[in-house]
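To keep things clear, I will list the structure first and then write my remarks on it.
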Amino acid sequence: SVSEEGAPWCEAAVFEAGVPILGICYGMQLMTAALGGEVAPAPHREYGLANIRITPNAPLFPSVPEELRVWASHGDLVAAAPAGFAVTATSANAPVAAMAAPDRRMYAILFHPEVAHTDRGSDILRNFAYEICGCTGDWTMASFVKEATARISEQVGEGSVVCGLSGGVDSTVAAMLIHRAIGSRLSCVFVDNGVMGQ
């Protein structure tokens, strides 16, 4: 509960950054409390499946049905959304099951789209990432290797690199990327961190 002593809060600057924000469950309660809305103890704690009703044309839900079965897990509810937020979904136990302030690029839901129990949860997250944030979904591991190798090559130029190599995954991957970029101009030095197998 955001009202408990010692409850985690984020810096106020997060809400002033101008980037898209999606508050999920506790994140919605935190967003509400931080921006002047009202969070209150729920008369009935919601834990498990719940049905929400989505308002027409809600920006976070363009590709999901008007009624949706979701997974809820909260003892508090949003009694009043902050000024400037529209209620975009309700449930029997939550008068504000989702809210949005598109002009401020802020969205929040009082349920968990990331779990398998929520119908169309992946669609909700995809809508946020692609439609609201503008992500393209064109990243691949192959493109990462190509881009990382090009950056390393540019940064090193005609120089050489000494790489401390412990034998773990991180340093081994780093060494492989550097080797792809500059070849024999890489010298690796084994660092015995004392946890290697005998």
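The values are calculated or read from the model by the stated rules, or taken from the named source; none is laboratory data. Note that the structure is a prediction, hence the values are computed from the model and not measured. Cβ placement follows ideal geometry from the backbone for every residue including glycine, while neighbour counts extend to all protein chains displayed. In case anyone asks, the SASA skips ligands and DNA or RNA and just uses the protein heavy atoms, side chains included. Shrake-Rupley method; radii C 1.70, N 1.55, O 1.52, S 1.80 Å.
Some points to look at:
- Cα-projected label distance for residue 165 with residue 3, points at 7 Å along beta-carbon direction, nm: 5.9
- Probe 1.4 Å, all protein chains present, accessible-area order of 26, 47, 130, 107, largest first: 47, 130, 26, 107
- One equal scatterer on each Cα of the range 5-95, no solvent, Debye formula: the resulting log10 I(q)/I(0) at q = 0.21 Å⁻¹ is -1.20.
- With respect to the chain, whose longest principal axis is taken over its alpha-carbon atoms, helix 141-156 is tilted by about 50°.
- Cα-only Debye scattering, the chain: base-10 log of I(q)/I(0) at q = 0.11, 0.13, 0.16 Å⁻¹: -0.68, -0.77, -0.92
- Diffusion coefficient (Stokes-Einstein, Kirkwood radius over C-alpha pairs, 37 °C, 0.692 mPa s) for the range 43-152: 213 µm²/s, rounded to a whole number.
- Probe 1.4 Å, protein heavy atoms only - accessible area per residue of the chain in square angstrom: 58
- Across the accessible surface of the range 1-130, with the other protein chains kept in place and a 1.4 Å probe, carbon and sulfur atoms take up 53 percent.
- Between residue 104 and residue 193, the modelled labels are 4.3 nm apart [label points 7 Å from Cα along Cα→Cβ].
- Pairwise Cα distances in the range 38-91 exceed 18 Å for 40 percent of all pairs.
- Rounded, prolate or oblate (a/c below 1.5 giving rounded, otherwise prolate when a/b exceeds b/c) for the range 131-175 by Cα gyration tensor: oblate
- Helix 169-182 and the longest principal axis of the C-alpha atoms of the chain enclose an angle of approximately 60°.
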